[in-house]
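The values are calculated or read from the model by the stated rules, or taken from the named source; none is laboratory data. If you're wondering where the values come from, they're calculated on a predicted model, not measured in any experiment. Glycine also receives a Cβ, built like all others from the backbone with ideal geometry; neighbour counts cover every protein chain displayed. For the accessible areas, the whole protein counts, side chains as well, though only heavy atoms, and no ligand, DNA or RNA atoms are used. Shrake-Rupley method; radii C 1.70, N 1.55, O 1.52, S 1.80 Å.
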Amino acid sequence: METSPEVKVVKILKWLDKHFEEYILSGLLVVIAVVMILQVIMRYVFNASLSWAEEASRYAFVWSALVSIGYTIKENSILKVDTLVEALPAGLKRILVTLINLSVTVFFGYLFISSIPAVHRVVMTGQTSPALKIPLGWIYFAAVAGFFLAMARSIQKTGQDLGIAIRKKGV
């Protein structure tokens, strides 16, 4: 039985929702590891270093740092101090968690919106990276992508927490 295009799109979107950041971060980690191993081999075995290795690793690291924000929100493993929240009664705890989630969403929304003109200014300069000759706009675009993912995951987290709160309340 063949599935409709709509069902296929929904399956793809669900897969992306579940695995997008994992695959991006895994790929970036592989890039960093391979480039650094290659650099070590070149330097200590062949006595010649690669001019682009450090730059490639740095840019992959920057991308991984910004993409990982959304991933940590999705996995509920973002660094936080929740001593006060855990000490509150259940009703107040749900309200405070919702307010915190909304604040985080607004914060990353602000960073996302603010990063767009900043990246645009870099793109307009036409600058490229020294060794790889990559347009710096692609490197700086990590901020736009990372803050968008963080905002989207914060919206999802807020929705999930509100859904749980509503089910517990019996509304």
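Only one of the numbered conditions (1) open to solvent by 60 Å² or more (accessible area, probe 1.4 Å); (2) in contact (Cβ under 8 Å) with a residue 60 or more places away in the chain; (3) of a type in the set (S, T, Y) is not met by S26, and that is (2). Would you confirm whether or not region 128-138 contains a residue that is without any contact (Cβ under 8 Å) to a residue 24 or more places away in the chain, open to solvent by 60 Å² or more (accessible area, probe 1.4 Å) and within 19 Å of the chain's Cα centre (by Cα)? Within region 128-138, one or more residues are without any contact (Cβ under 8 Å) to a residue 24 or more places away in the chain, open to solvent by 60 Å² or more (accessible area, probe 1.4 Å) and within 19 Å of the chain's Cα centre (by Cα).
Is it the case that I155 is of a type in the set (A, V, I, L, M), at negative phi and open to solvent by less than 90 Å² (accessible area, probe 1.4 Å)? The answer is no for I155.
Cβ-Cβ contacts under 7 Å between residues 6 or more apart (or on different chains), taken from a first residue in region 72-98 that is among the hydroxyl-bearing types (S, T, Y) to a second residue that is modelled with pLDDT of 85 or more, are listed as T98/T158. Candidates in region 47-65 are the residues that are hydroxyl-bearing (S, T, Y) and not in a helix (DSSP H, G or I); of these, the one that is surrounded by the most Cβ atoms within 10 Å (Cβ to Cβ) is S49. Being open to solvent by less than 80 Å² (accessible area, probe 1.4 Å) and farther than 26 Å from K18 by Cα holds for only one residue in V144, V122, and it is V122.
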